[in-house]
Amino acid sequence: MVALVCLAIVAAFGSFAFCTRSSVAQSAQDFDWSSIPAFSMAGGLEAFWNVGDGSKGEASKNAYARGFKPVTILNTYSDFPGGQRENISRAVGVKNLNPWQRPAFFERIIRRNIERAPAKGIYVHDIEFSFEEDTTRAWGNQATRQASGISLKDAFNEAYFRQWAEWFWLPLKWTKERYPDARVGLYGAQPFRRDYSGRSGKNAAQIDGTHRSDWQLWKYIDPYVDFYIASIYVLYNRPDSVLYMAANVEENFLRTRSLGDKPVYAYVWLRFHDANPRLKGTELPPYLVEAMAIVPYFSGAKGVVLWGWEPQLKVGTRQPYEQLALFAQSLKRISALSEKIAHGRLIIDQPAYAVWNTRGSLIRRVLVDENECVVMAINPWQNDNERTTQPIKCGSLSAQIVLKGKRTTLVVVNRQGVRAY
């Protein structure tokens, strides 16, 4: 029997809350960690372990020993010690339209939570709530307009998002004050919020229009983060999901390059998300696990963060995360090429949403130099027993690579030929 409890779900696939799971499974001591391969990333590429479990840290120790790095994740607005009586998200409510009215306990609760969560690894604030993004509605609310102290609508529009942004960046600022060396990031708001609707055939302009408010908010948050998060939890068992992963990481990467060179990390989960009631909680099929581990590194990400809540690691009878070995093995394939990937130049010939709309193969090249490149290729639309040949141009070289079923192909092309990884 499996029970799944979600803290919150934000509509329109914009942002999902983390969930907790209770399940019957086996002990951490019985779980065969020897089946999970080790890997060693180089060049600044990373992979993080954000899997909660009931093993009192034993599972995490095993994960770190295999190459994963730690994460401090904070449910920033929670009030666990007080039984949620001063939970900030509850105080905010849904579709709040007055950012100038923060709860009196806002700073006290957040600073207490930060104090209770010492920095270890990257530091992620989980802040997920929905506010009213229609500034015309907010302007039409007398209490909000008076609280703003602004008399002109255009000035109000800008100030409105700037004020909401404080709700996100103040916890980041306070974390840096308490832990100056921490690398701090935010789960919830993103430069480009998760969007699964690319399958409907949107073009670039339409996607920009849908996500205009993302940037209106994020531009004020950006100075306070050390990395970006692209959430790519999977909803559907279909080929689109591969392009969904690539498109969301890619958009966050491309939209933030004008701000500097902060890394993008993709949050992943080896289970289908609860927003799909038919598949929620079940593990992803192998082709999506492979893609989830590999595609982000060829879409601009410097790392992936594996999330989950797996009490199976504590007590019970069945092995948790049957796909964990494949996920780690896929990361090992990346690690063997991490120096080349990290220091090469990513070439995006065709945006992922365009590949999605044409049901094409996703081909990404990292140019190491004119005589060598790393190639990732996947055709999620073909059957497992199908084979297709894909021509590849690598600087001054040309080659042919074979795509097998829905598998993620990873090769190096140079003057010695084509070598698969």
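Which ranges mark the helices (runs of 4 or more DSSP H) fully within segment 116-196 that have 3 or more residues being farther than 24 Å from ILE232 by Cβ and touching a residue at least 40 places away in the same chain (Cβ under 8 Å)?
Ranges flagged: 142-148, 153-178.
Out of all the residues in segment 115-147, which are of a type in the set (A, V, I, L, M) and within 31 Å of the chain's Cα centre (by Cα)? Talk me through it step by step, then tell me what you get.
First, pick out the residues of segment 115-147 that are of a type in the set (A, V, I, L, M): 117, 119, 122, 124, 127, 138, 143, 147.
Answer for segment 115-147, where residues must be of a type in the set (A, V, I, L, M) and within 31 Å of the chain's Cα centre (by Cα): ALA117, ALA119, ILE122, VAL124, ILE127, ALA138.
Of the residues VAL242, VAL264, VAL249, VAL268, only one is more than 22 Å from PHE68 (Cβ to Cβ), modelled with pLDDT of 95 or more and under 17 Å from the mean Cα position of the chain (by Cα); which?
Being more than 22 Å from PHE68 (Cβ to Cβ), modelled with pLDDT of 95 or more and under 17 Å from the mean Cα position of the chain (by Cα) holds for just one of VAL242, VAL264, VAL249, VAL268, which is VAL242.
Scan segment 377-396 residue by residue and report those that are touching a Lys or Arg at 6+ places or on another chain (Cβ under 7 Å), more than 19 Å from ILE348 (Cβ to Cβ) and either charged (D, E, K, R) or not in a loop (DSSP other than H, G, I, E, B) (or both).
Residues satisfying the conditions are ASP384, ARG387.
Would you mind stating whether VAL315 is outside the structural domain of GLU283 (by TED's automatic domain parsing), modelled with pLDDT under 95 and not small (Gly, Ala, Ser)?
So VAL315 does not fit the description; no.
Mind checking which strands (runs of 3 or more DSSP E) fall wholly inside segment 263-369 and carry at least 3 residues that are charged (D, E, K, R)?
So the answer is 362-369.
Of these, ALA65, ALA42, ALA138, ALA59, which one is farther than 21 Å from LYS173 by Cα, at pLDDT 95 or above and surrounded by 21 or more Cβ atoms within 10 Å (Cβ to Cβ)?
Every option except ALA138 fails the conditions.
Of ALA266, ALA291, ALA325, which residue is touching a residue at least 60 places away in the same chain (Cβ under 8 Å) and either surrounded by 23 or more Cβ atoms within 10 Å (Cβ to Cβ) or under 26 Å from THR358 (Cβ atoms) (or both)?
Matching residue, one of ALA266, ALA291, ALA325: ALA291.
Across segment 82-96, which residue is farthest from LEU170 (Cα to Cα) among those that are part of a loop (DSSP other than H, G, I, E, B) and modelled with pLDDT of 95 or more?
Filtering first and then ranking leaves GLY83.
Name the residue, out of ILE334, ILE363, ILE401, that is closer than 21 Å to PRO239 by Cα, crowded, with 22+ Cβ neighbours inside 10 Å and among the aliphatic types (A, V, I, L, M).
Details: ILE334 fails: closer than 21 Å to PRO239 by Cα; ILE401 fails: crowded, with 22+ Cβ neighbours inside 10 Å.
Unique residue meeting the criteria: ILE363.
Is it true that some residue in segment 218-232 is among the hydrophobic types (A, V, I, L, M, F, W, C), surrounded by fewer than 21 Cβ atoms within 10 Å (Cβ to Cβ) and out of contact with any strand residue (DSSP E or B) (no Cβ under 8 Å at 6 or more places or on another chain)?
No, that holds for no residue.
The values are calculated or read from the model by the stated rules, or taken from the named source; none is laboratory data. Bear in mind that the values here come from a model prediction, so they are computed numbers and not experimental data. Positions of Cβ are backbone-derived with ideal geometry, glycine not excepted, and every protein chain shown enters the neighbour counts.
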